[in-house]
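Report on one structure; see the data block that follows.
Only the coordinates and a few stated rules stand behind these numbers; no lab work does. Since we're looking at a predicted model, the values are computed, not measured. Cβ atoms come from the backbone with ideal geometry, glycine included; neighbour counts cover every protein chain shown.
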Amino acid sequence: MRSYKAKSVEPIRLPPRDRREAALDDAGYNVFNLSSDDVYIDLLTDSGTGTMSQEQWAGMIQGDEAYAGSRSFRRFQQSVSDVMGFDHVVPTHQGRGAENVLFGAMLEAGDVVLNNTHFDTTRAHVVNQGAEAVDCPVEAPWSAGDSGDFAGNFSLERGWEAVEAYGAASIPVVVLTITNNSAAGQPVSMQNVRETAAFAEEIGATFVIDACRFAENAHFITQRDPEFADTPLAEVAREQLSYAEAITMSGKKDALANIGGFTAMRDPELFERCKQRAILYEGFPTYGGLAGRDLEAMAVGLREAVEPPYVQERIEQVATLGTLLEDEGIPIVTPTGGHAVYIDAAELFPHIPTGEYPGQRLVCELYREGGVRTVELGSFAFPDTDRPEFVRLALPRRTYWREHLEHVAETAATVREQREEYVGLDVVWEPPMKELRHFSAELEPVA
Ligand SMILES: Cc1ncc(COP(=O)(O)O)c(C=O)c1O
């Protein structure tokens with residue numbers, strides 16, 4: 001049963017096939033280059049693309065746009081304190097702004113940061129400080145098929161290997177990303193949060209949580225860990241974060257806002273350093289690159305994110321999309337994670353070699369066949385790594401209905417039927433920073 005209904009709608013249309021063909025050509029076989037007018041169902045990302053509630057819009061009208069000390073900041077601060085348990089908070093324009101502020105205040109050149117899996121911008125900000133980003137994922141999420149209950153976990157074994165390799169003194173920060181976006185959105189168990197916190201303490205590192213999808217992660221814990229079966233979601237959400245010394249957050253995810261982010265911490269001295277950096281990069285520490293109304297949207301959204309009906313429907317919708325795709329014979333990572341379904345394109349297109357980007361071909365064909373925009377997170381997005389050839393279908397929050405998901409599954413079924421016809425792709429242009437190439441590179445079918 002849905003716990004909300006639509007009050008305001010946005011028209012969408014499936015452009016005619018010849019328009020989609022032309023748009024794909026003009027976009028250089030890269031769907032980031034498409035105009036959103038040419039997209040029917042947009043599953044490119046769940047970041048900032050969701051639908052806000054009437055309470056969030058009502059809050060925005062009351063945004064206090066004072067440069068310093070605004071009421072909106074105080075309301076936002078109270079929400080962060082109530083929902084996440086942190087009293088020192090620095091707002092930023094989005095999650096990567098929070099990473100810049102926090103890591104800039106904590107890291108020095110030559111440091112090493114451990115993370116279950118660094119999200120791209122997290123890795124980039126660690127590297128930008130002259131530090132090294134080391135991933136410590138458990139094995140499970142790296143293939144389609146059963147990935148286990150908490151496949152987003154931090155591998156303590158890998159953590160200790162890193163300590164042996166680099167020395168504890170070189171590792172000032174250990175991060176846990178919940179849920180683990182780069183590992184198919186898989187959740188992290190409470191036990192793993194506790195153990196990773198203890199590990200960080202033992203090696204003298206500060207334990208940071210990347211809390212972008214903290215509410216989704218908490219929901220999985222209530223569903224999969226008997227210890228928390230009867231614990232209210234909001235309590236589980238808070239307990240996870242209670243083990244961290246600091247958090248980074250993208251408000252575009254589980255603060256249910258279209259823009260915004262923040263970092264929060266317990267140490268007043270670190271707070272002070274972060275505020276100074278925020279002034280340099282984001283704006284005065286009571287607005288952090290945001291309008292007062294954006295702070296209001298996050299203040300309300302954070303409270304809504306831990307309401308059980310919302311988060312349960314959210315996770316179930318992702319699972320439903322997964323089931324619809326599986327019913328059509330599409331190989332996906334199961335059980336599905338919190339925000340997206342991941343298709344294994346290498347398994348779907350075994351005749352397209354890795355060097356010819358089977359994932360990007362799938363992305364293009366989903367668009368060509370059904371106007372569905374998705375994103376490749378395999379060898380095109382992450383060159384020179386051994387990532388699986390995943391294509392991610394991320395669901396915006398509170399936005400699409402079952403009929404939309406059925407259209408996606410039918411589109412995927414058509415693509416699967418025609419798979420023998422598809423050849424791979426060649427990159428014909430890429431920007432100087434290869435790590436960022438999937439945003440703007442251009443491709444064409446191999447001869
Ligand atoms: C786990 C994780 N961390 C950090 C970020 C960065 O957040 P933003 O896009 O708001 O800068 C993202 C965004 O997708 C994310 O998924």
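Can you give me the angle between helix 95-106 and the longest principal axis of the chain, using Cα atoms only, in degrees from 0 to 90, rounded to the nearest 10?
40
Taking Cα atoms, how many degrees apart are the long axis of helix 402-417 and the longest axis of the chain, rounded to 10 and kept between 0 and 90?
It is inclined by approximately 50 degrees.
Restricting to DSSP H runs of at least four residues, report the calculated mean residue ellipticity at 222 nm for the chain, -39500 (n - 2.57) per run over all residues, nearest 500 deg cm²/dmol.
-12000 deg cm²/dmol
Ordered by residue, what ³J(HN,Hα) values in Hz, to whole numbers, does region 265-271 give under the Karplus form 6.51 cos²θ - 1.76 cosθ + 1.60, where θ = phi - 60° and Gly and Pro are x?
8, 9, 7, x, 6, 5, 4
What does the extension gain come out to for Tyr67 and Glu417, with contour length at 0.36 nm per residue minus their alpha carbon separation?
Length gained between Tyr67 and Glu417: 120.3 nm.
Considering only Cα-Cα distances, which of the following residue pairs are longer than 32 Å: Lys7/Lys434; Lys253/Lys434; Lys7/Lys275?
Lys7/Lys434; Lys7/Lys275
If I fit a long axis through the Cα atoms of helix 292-305 and take the longest principal axis of the Cα atoms of the chain, what angle between them do I get, 0 to 90°, rounded to 10?
Taking the Cα atoms of the chain, the angle to 292-305 is about 80 degrees.
Just to verify a number: FRET efficiency for Glu157 and Glu201, C-beta to C-beta distance, R0 = 22 Å, to 0.05?
0.80
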